[in-house]
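Laboratory data are not the source of any read-out in this text; all were calculated from the coordinates shown. Small disclaimer: the values here were computed from a predicted structure and weren't measured. Note: ideal-geometry Cβ built from the backbone for every residue, glycine included; neighbour counts use all protein chains shown.
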Amino acid sequence: MDLPGPGQRSRELYPNPVQKIQVAVLPAGATSWTTATLDQGPIGGVAITQFVPVGVDAQGNITAAWSMWDGAKHVVKTATKPKGGAWPAVAVKVSSAEDGIFPVLSVNARGDAGVVFAISPYTSTVGSCAPAQAGTCALYAFRSGPNGAWTALSNVSETMSSSVGYISGPQVALDANGLATVIYMGYGIESAREVSPGSWTVPASIIQTNIAGASYMSSDLAVDASGNAVAALSIFDPTPGVDRASVWVARGTSGGAWSPAERLTDPTVPVDAYATRVAVAPNGSLALVGWIDHYHGVAQVSKLTGNLDQVTNLPGSFWSKAATIGRSTAFSSFQEVMALDASSDVVGSTAQARALWKSSKSGTQINASGYSQ
């Protein structure tokens with residue numbers, strides 16, 4: 001290849017950058033992963049690189065969801081790989097006219113699936129938030145079983161105009177009957193509960209603070225098989241002399257009622273909590289909230305001591321004192337990372353949990369800790 005001289009451009013042409021949606025699968029009993037490319041598209045305009053949520057049902061069917069820039073908008077798509085089968089050649093579009101970003105997927109044991117996503121605040125599409133309003137909202141679609149068709153989109157939030165703010169960060173969790181609980185960032189953390197197929201409660205704020213300049217971060221949601229829910233997040237308090245984040249949590253019933261929000265960390269002591277995660281066992285016997293204490297560089301978990309299916313206005317904490325389960329990300333490191341999950345045993349009388357988190361105390365490491373009730 002001839003190198004360009006001064007003032008000259010190289011004649012070498014580079015391919016246009018492409019964003020690919022890829023999923024790796026490790027079948028039961030296999031020793032190697034198989035990676036498949038489900039979609040690809042251009043990078044440009046306001047294209048956003050996003051995560052690809054994946055869910056697996058009790059039969060081993062795998063569902064993936066993603067949002068892909070088509071040159072004008074982000075289109076939300078899904079694909080399902082049946083157990084022992086292959087990914088389909090063409091993905092299913094959950095949205096076509098909407099500019100949907102950051103989809104979140106939930107799949108229950110029998111293969112029902114729910115997808116929720118937010119309309120981009122920079123969208124050029126008008127009227128995406130049904131009923132035909134301009135602005136941002138959280139849109140939801142449902143699929144019955146692994147082979148069902150996706151329903152029409154439902155607006156499960158209020159529609160917020162750009163002059164006020166925007167709806168962001170929606171999350172969804174399905175119970176055993178395929179009924180959904182959705183949370184999102186609107187006026188604080190808000191929630192809507194599907195109490196019967198297609199029938200939703202009015203969106204309501206469940207965690208909100210009156211702290212001036214507060215930041216809401218790393219919200220998370222989990223439900224049990226009956227639809228009882230736990231939602232948690234970190235709220236950063238910029239008040240002089242505080243300058244740290246605290247963990248807040250609320251519990252919801254299958255009927256859509258929520259407990260008053262509870263602060264799990266003490267704002268008067270130097271605890272700076274991020275990467276908030278929640279986990280609920282399907283049988284409802286175990287509910288956990290975990291986080292990274294950035295100040296001390298430790299991973300911590302708190303356990304629900306009350307009943308998951310009952311919410312009350314009585315004073316007092318319904319969560320245990322935080323337990324430190326290991327070292328975590330060192331102060332001033334790049335990012336806190338944590339995962340938390342809980343499961344029931346086959347009998348349904350006990351529950352187990354597993355936490356994973358990043359530590360950079362002595363090089364980047366992934367640590368794990370287990371809990372058995």
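List the lysines whose Cα sits under 23 Å from the Cα of K303, skipping any in the same chain fewer than 8 residues away.
Excluding near neighbours in sequence, the set is K321, K358.
For the peptides 100-107, 198-205, what is the packing order when you average, over each peptide's residues, the other Cβ atoms within 10 Å and list the highest mean first? List each step's numbers first, then the result.
Numbers: 100-107: 23.8, 198-205: 14.6.
Top to bottom by mean Cβ count within 10 Å: 100-107, 198-205.
State the label only: which of (i) 205; (ii) 170; (iii) 188 corresponds to volume of the Cα convex hull per residue in Å³ computed from the shown model?
Checked against the structure: label (i).
Going by a ≥ b ≥ c, the root eigenvalues of the Cα gyration tensor, does segment 39-208 fall in the rounded group (a/c under 1.5), the prolate group (a/b larger than b/c) or the oblate group?
Values: a/c = 2.05, a/b = 1.19, b/c = 1.72.
Oblate, since a/c reaches 1.5 and b/c is not below a/b.
Take the Cβ-Cβ distance between T268 and Y187 as r, set R0 to 25 Å, and report the resulting FRET efficiency rounded to the nearest 0.05. Present the calculation step by step, with values, prior to reporting the outcome.
Numbers: r = 27 Å, r/R0 = 1.08.
The value I calculate is 0.40.
Run the reach check for K83 against aspartates and glutamates, Cα to Cα strictly under 13 Å, same-chain hits fewer than 8 apart removed. What comes back?
Qualifying aspartates and glutamates at Cα under 13 Å: D57.
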